[in-house]
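The structure appears right after this line, and notes come after that.
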Amino acid sequence: MKKIIINRMLMIVPTVITIAFLAFSIMYFSPGNPAEILMRYRNPEGGTDPAALAHYEEMLGLDDPFFTQFENWFTGVLGGDFGESFKTGNPVNEEFFYRIGYTLMLSFTGLAFSLLIGITLGFLSAEFKDSWIDNFLRFTQSIKMSIPSFWLALFFIYVFATQLKWFSAFGYNSPKDLILPGLVLGLSNSSRMVRLVRTCILEEKSSGYVYTARVKGLSEIQIFFKHILKNITLPIITLTGVSLVSMIGGSLIIENIFGLPGIGTYLVSAIVAKDYPVSMGFLFAYGIIIVLINLFIDVLYQFVDPRVRDGANAEI
Amino acid sequence: MQTETVLKITNLNTYFQTPDGNVSAVCELDIEIKKGEILGLIGETGCGKSVLGESVLKVLPYNAISTGSIVFEGGELMGLKQKQMREIRGRKIAVIPQNPSEALNPLVKNKKQIYEAIDHNGKAKGMEKKKQSIRLLQKMHFKEPEKVLESYPHRLSGGMKQRVLAAMGLCGNPSLLIADEPTKGLDAIVRSQVIETLMLFKENTGTAMMLITHDLNFATKVCNRIAVMYAGELIEVGTCYEIFKNPIHPYLMGLFLAQPENGLIPIDGVSPSLINLPQGCRFHDRCKKASEKCKRFHPEMKKTTLTHEVRCWNP
């Protein structure tokens, strides 16, 4: 197993280089001259004097060939130096580590809610298949899927923050402030989970090994916890990985509404302002996080499924 | 000499409630199995033979309803709750499930799955459980039982999986074994392994067996008595010799003619839908001997000899 994990980690190296290259070239080839933008930031009143511009370009290394620039940036990145923001002059990595904390906290809170809601409702829906509980849950899921998350966020703020005053509506002061945005994020991501859990449980219930367990004399509760739960873990892990990735990258609206200083808001404003070091650094780091999540899920498979461990064809 | 009856089924009806109407999978079925006997239950796919086994065990889907009487070792099973049924399943009635390749949980070690069966049959402690499992696997002719215990099901072949399943069935002291399609979809080598497994089981326990299969050759090889089902009801019951040498019902004769060694002659037509059963004999529209009477009146089981019964107006 150690060998497989090391193997997987080595396979990350080319991926990381590709991500870095893409993050760099997207910004390099996008229109606009960073030197000009930097000049405007530093001195909003001054015009773009060509001599000064050339000085700035030289200072930033923008007159170097493409690959030299990439090399300079990438060696910096490998050493942990992502450069400084044009706008604020702060080191990019400082900014990133400050913000990624909020995004991760929010994403994991959202993930926890989506797993909690997804597994509970999915289980109920499967257990009471075709009864009024199942029909009701399926009906509410389909309604929930058509509600946009910003509407849900505003609705929750109105009910729980403005009216009931249980939570604050804006900003982050304590972990309690993550509950509302996490709930919104979790709810809007849970529909897929509910459906997946329901389908998987029903599928497993009609499988051969459940029949074996039944005729062996095991109770339905034992069968669920000892047999079914283990088998539905694999698809749940897969969907959890996908959800987590989409939450880290896509919680922009929720971060904005709830005033959380996450990476989403910051990255978008940096891209709009053509703050190249920030955009490149954040794109790269975001890519690395996704790669790491996928690596983690791959490794998790090894632990859960002996067939994957043996390299046999697992039916996933 | 009168031998003890292990299982006596009288007037069993099992049907499924579906949006299209009730599907009656088992209809007014009477059969009994004596101690030490192997009863073969034969019929084509969808004739209700597996449902019969599931009715006895009460592991039917939730939309199934079953009525009648199932007496097992002198006790009525019909009214029992699931909790009481669990005392019987795996202890008194063992099952070898169909399709061994899917009958073991792929994510749980063989050891654990066997231990579950042992736990259900009493309270053996850690080491004792292992010893007992090894003994059971040795009985099933495993050469390296420790290795089997420590591995996961995907490392075993189909035949080995079936023997593991049989070992689980052995760990109680069953007086009845229900083997559901043990040879379905298996190649010739594995099939002979299965026959060997069943014979091993029989040697080890002397238990009565209900062998559900559509494999006529297999049934005639191992069974004492054979019951033939068609469209949810029994149409012919007799000793293996009687069924093989002197088949009476046109359907059974058709089945023999459809065997490869007899020229693969198919029976015309298809089995009736179990939702809208035909009036009269259920086989009449496929039967060459059918008369007016067959179309109108439903035949009852009639004895032709002491042990041979058939459901036909024109035997």
* Calculate what fraction, in whole %, of the accessible area of the stretch A:100-309 sits on carbon and sulfur atoms when a 1.4 Å probe is rolled over the protein chains. => 73 percent
* Asked: Hey, what's the per residue convex hull volume over the C-alpha atoms of the stretch B:214-315, in cubic angstrom?
  -> 97 Å³
* Mean separation of Cα contacts under 8 Å, 6 or more apart, over the residue count of chain A: relative contact order % -> 25 percent
* To do: Could you quote the convex hull projected area for the stretch A:2-92, Cα atoms only and averaged over all directions, in nm²?
  => 7.2 nm²
* Structure fact -> Shape descriptors of the stretch A:206-316 over alpha-carbon atoms, Rg and Dmax in angstrom, are 20.9, 67
* Taking 10 Å² as the minimum loss, tell me which residues in the stretch A:208-223 lose that much accessible area going from the chain by itself to the full protein complex (1.4 Å probe). => A:208, A:209, A:211, A:212, A:214, A:215, A:216, A:217, A:218, A:219
* Structure fact -> Projecting the Cα atoms of B:277, B:228, B:179 onto the charge dipole of the stretch B:169-307, where Lys and Arg contribute +1 and Asp and Glu -1 at Cβ, the residue farthest towards the positive end is B:277
* Most mobile listed residue (B:140, B:209, B:199) in chain B, GNM with C-alpha springs under 10 Å -> B:199
* Structure fact -> In degrees rounded to 10, the 0-90 angle between helix A:132-145 Cα long axis and the longest Cα principal axis of chain A is 10 degrees
* Against the longest alpha carbon principal axis of chain A, how many degrees, from 0 to 90 and to the nearest 10, is the axis of helix A:263-272 turned? -> 40 degrees
* Asked: Stretched out fully, how many nm does the piece from residue A:63 to residue A:33 gain, at 0.36 nm a residue minus the Cα gap?
  -> 9.7 nm
* Report the full-extension gain for the segment residue A:43 to residue A:203: residue separation times 0.36 nm, less the Cα-Cα distance, to one decimal in nm. => 51.1 nm
* residue A:246-residue B:123 pseudo-label distance in nm [points 7 Å out on the Cα-to-Cβ vector] -> 5.0 nm
* Asked: List the chymotrypsin sites (Phe, Trp or Tyr not before Pro) in the stretch A:27-83 that DSSP assigns to loop (not H, G, I, E or B) and whose Cβ has at most 13 other Cβ atoms within 10 Å. Which are they?
  -> none
* Asked: Among bridges DSSP assigns within chain B, what percent are antiparallel (round to 5)?
  -> 60 percent
* To do: Quick one: which residues, 5+ away or cross-chain, put their amide H under 5 Å from the amide H of residue B:209? H built at 1.01 Å from N.
  => B:37, B:38, B:39, B:177
* Structure fact -> Surpassing 31 Å at the alpha-carbon level, of the pairs B:49/B:83; A:230/B:35; B:123/B:147; A:176/A:226; B:35/B:58; B:58/B:302, are A:230/B:35; A:176/A:226
* To do: Take every Cα-Cα distance within the protein assembly as shown, group them into 10 Å bins from 0 onward, and report for each bin the whole-number percent of pairs it holds.
  => 3, 13, 18, 17, 14, 11, 9, 7, 5, 2, 1, 0
* Estimated vicinal HN-Hα couplings, Hz - the stretch A:119-131 in sequence order (Karplus 6.51, -1.76, 1.60; Gly, Pro = x) -> 6, 4, 5, x, 4, 4, 4, 6, 5, 10, 3, 6, 8
* Asked: Which of the aspartates and glutamates could a cross-linker bridge to residue A:274, judged by Cα under 14 Å and excluding same-chain residues fewer than eight apart?
  -> A:36, A:84
* **Set B:109/B:161; B:111/B:139; B:109/B:143; A:2/B:129 screened for pairs whose C-alpha atoms are more than 20 Å apart** => A:2/B:129
* Asked: Under a 5 Å amide H to amide H cut-off, with H placed in plane at 1.01 Å, what residues pair with residue B:156 once short-range neighbours are removed?
  -> none
* Structure fact -> With Cα coordinates, the longest principal axis of chain A makes an angle with the long axis of helix A:229-250, in degrees rounded to 10, of 30 degrees
* **aspartates and glutamates whose Cα lies under 14 Å from that of residue A:3, excluding same-chain neighbours fewer than 8 positions away** => A:298, A:310
* How much accessible area is lost when chains B and A come together, counting both sides, with a 1.4 Å probe, in Å² rounded to the nearest 100? -> 2200 Å²
* **Rounded accessible area per residue of chain B, 1.4 Å, Å²** => 46 Å²
* Asked: Which aspartates and glutamates have a Cα lying under 13 Å from the Cα of residue B:293, excluding residues fewer than 8 positions away in the same chain?
  -> B:285
* How far, in nm, would the chain grow between residue A:12 and residue A:150 when pulled straight, counting 0.36 nm per residue and subtracting the alpha carbon separation? -> 46.1 nm
* Work out, in µm²/s and without decimals, the Stokes-Einstein translational diffusion coefficient of chain B at 25 °C, 0.890 mPa s, Rh from Kirkwood over C-alpha pairs. => 119 µm²/s
* Structure fact -> Using the Kirkwood radius over Cα pairs of the stretch A:100-309, the Stokes-Einstein translational diffusion coefficient at 20 °C and 1.002 mPa s, in µm²/s and rounded to a whole number, is 113 µm²/s
* Residue-level accessible surface for residue B:88, protein heavy atoms, 1.4 Å, Å² -> 30 Å²
* If amide H atoms are built 1.01 Å from N in the plane of the peptide, which residues on other chains or at least 5 residues away come under 5 Å of the amide H of residue B:235? -> B:228, B:229, B:230
* **Solvent-accessible surface (1.4 angstrom probe) belonging to residue A:146, in square angstrom, nearest 10** => 90 Å²
* Summarise the long-distance tail of P(r) for the stretch A:168-255 by giving the % of C-alpha pairs beyond 22 Å. => 46 percent
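The values are calculated or read from the model by the stated rules, or taken from the named source; none is laboratory data. Keep in mind the model is a prediction, meaning the values are calculated, not measured. Using ideal geometry, Cβ is built from the backbone for each residue, glycine included, and neighbour counts are taken over all protein chains shown. The area values use the complete protein model at the heavy-atom level, side chains included, leaving out ligands, DNA and RNA. Shrake-Rupley method; radii C 1.70, N 1.55, O 1.52, S 1.80 Å.
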